[in-house]
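Just passing along the structure, written as structure tokens.
The values are calculated or read from the model by the stated rules, or taken from the named source; none is laboratory data. These numbers come from a predicted model, not from an experiment. Don't worry about glycine lacking a Cβ; one is built from the backbone with ideal geometry, like all the others, and counts go over all protein chains shown.
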Amino acid sequence: MKEWLNRAFNADARVSKDLRGLPEKHFFSVLAMIFAHSGDSWFWLGGLFLVWLLNKGQWRDWAAFLIAGLMIMAVVVVILKFAIRRPRPEGEWGQIYRITDPHSFPSGHAARSAALAVLALFVGPPWFAIVVLLWAPWVGLSRVALGVHYLSDVLVGWVVGGVMGLIALACQPWIMQVLDWGYRLLGI
């Protein structure tokens with residue numbers, strides 16, 4: 001079993017290394033960096049918090065539900081990262097990720113983008129679902145192209161995010177009850 005796993009990891013490293021050469025042109029490199037950072041947790045949690053803060057009714061509930069779903073998914077990803085402890089690929093780009101999170105498997109950015117895609121598809125307005133469904137694959141692929149993840153990190157991240165999105169949808173009534181309870185407790 002271990003030999004099979006080593007062969008799979010070596011093949012994954014070769015394919016990932018080949019994908020790293022794609023953003024050699026400055027335009028593609030900048031585009032990859034934009035997509036790679038657009039999946040950052042602070043970006044999404046901060047943006048959703050602003051939507052929650054500045055809106056009432058359905059938009060506030062929708063933002064709170066997405067925040068809750070992303071936070072639960074993040075806990076699962078962190079548990080997997082610390083259980084597996086696969087080091088990130090060698091490279092210079094993305095030092096902030098290499099310092100704050102040295103483990104690459106699974107990709108939290110890919111998981112986040114897939115979870116958002118699933119949630120947007122079933123909960124959000126159609127225009128948002130289309131935008132997120134088009135955006136999500138580029139987040140994961142840019143992480144490989146810039147050398148902060150292996151391709152398998154991204155593929156598994158997408159699976160984890162998709163499954164966690166479906167679980168969040170299944171738990172949506174319970175999550176919304178907890179949020180309503182929190183609103184009443186805070187007098188919001």
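Cβ-Cβ under 7 Å, sequence separation 6+ or interchain: first residue in region 118-139 and in contact (Cβ under 8 Å) with a residue 12 or more places away in the chain and part of a helix (DSSP H, G or I), partner of a type in the set (Val, Ile, Thr) and surrounded by 18 or more Cβ atoms within 10 Å (Cβ to Cβ). Which pairs?
So the pair list comes out as ALA120/VAL132.
Taking into account only those residues within region 149-188 that are of a type in the set (A, V, I, L, M, F, W, C) and not in a helix (DSSP H, G or I), which is surrounded by the most Cβ atoms within 10 Å (Cβ to Cβ)?
The first filter runs over region 149-188 and keeps only residues of a type in the set (A, V, I, L, M, F, W, C), leaving 151, 154-156, 158-160, 163-164, 166-171, 174-176, 178-179, 181, 185-186, 188.
Then keep just the ones that are not in a helix (DSSP H, G or I); that gives 171, 188.
Numbers: CYS171: 15, ILE188: 11.
Among those that are of a type in the set (A, V, I, L, M, F, W, C) and not in a helix (DSSP H, G or I), it is CYS171.
Right, here's the next one. Between a residue in region 37-53 that is without any contact (Cβ under 8 Å) to a residue 12 or more places away in the chain and within 14 Å of LEU116 (Cβ to Cβ) and any residue that is of a type outside the set (Gly, Ala, Ser) and surrounded by 13 or more Cβ atoms within 10 Å (Cβ to Cβ), which pairs come within a Cβ distance under 9 Å, given they are 6 or more apart or on different chains?
PHE43/HIS37
Any idea which of (1) among the charged types (D, E, K, R); (2) farther than 26 Å from TRP52 by Cβ; (3) crowded, with 24+ Cβ neighbours inside 10 Å is the one ARG112 doesn't satisfy?
The failed condition is (2).
Further question on the same structure: Is it the case that some residue within region 100-109 is free of Cβ contacts under 8 Å to residues at least 40 places away in the same chain and either among the polar types (S, T, N, Q) or assigned to a helix (DSSP H, G or I) (or both)?
For region 100-109, residues free of Cβ contacts under 8 Å to residues at least 40 places away in the same chain and either among the polar types (S, T, N, Q) or assigned to a helix (DSSP H, G or I) (or both): present.
Among the residues of region 100-123, is there at least one that is modelled with pLDDT of 80 or more, closer than 30 Å to PHE28 by Cα and of a type in the set (Val, Ile, Thr)? Step through it out loud before you land on a result.
So in region 100-123, the residues modelled with pLDDT of 80 or more come out as 105-123.
Restricting the remaining residues to those that are closer than 30 Å to PHE28 by Cα gives 105-121.
From what is left, the residues that are of a type in the set (Val, Ile, Thr) are 118.
For region 100-123, residues modelled with pLDDT of 80 or more, closer than 30 Å to PHE28 by Cα and of a type in the set (Val, Ile, Thr): present.
Hey, another quick one. Restricting region 124-139 to residues that are over 23 Å from PHE28 (Cβ atoms) and hydrophobic (A, V, I, L, M, F, W, C), which is modelled with the lowest pLDDT? Spell out how you get there, then give the answer.
At the first step, the residues of region 124-139 found to be over 23 Å from PHE28 (Cβ atoms) are 124-130.
From what's left, hydrophobic (A, V, I, L, M, F, W, C): 127-130.
Working: TRP127: 91, PHE128: 85, ALA129: 89, ILE130: 92.
If we take residues in region 124-139 being over 23 Å from PHE28 (Cβ atoms) and hydrophobic (A, V, I, L, M, F, W, C), then PHE128 is modelled with the lowest pLDDT.
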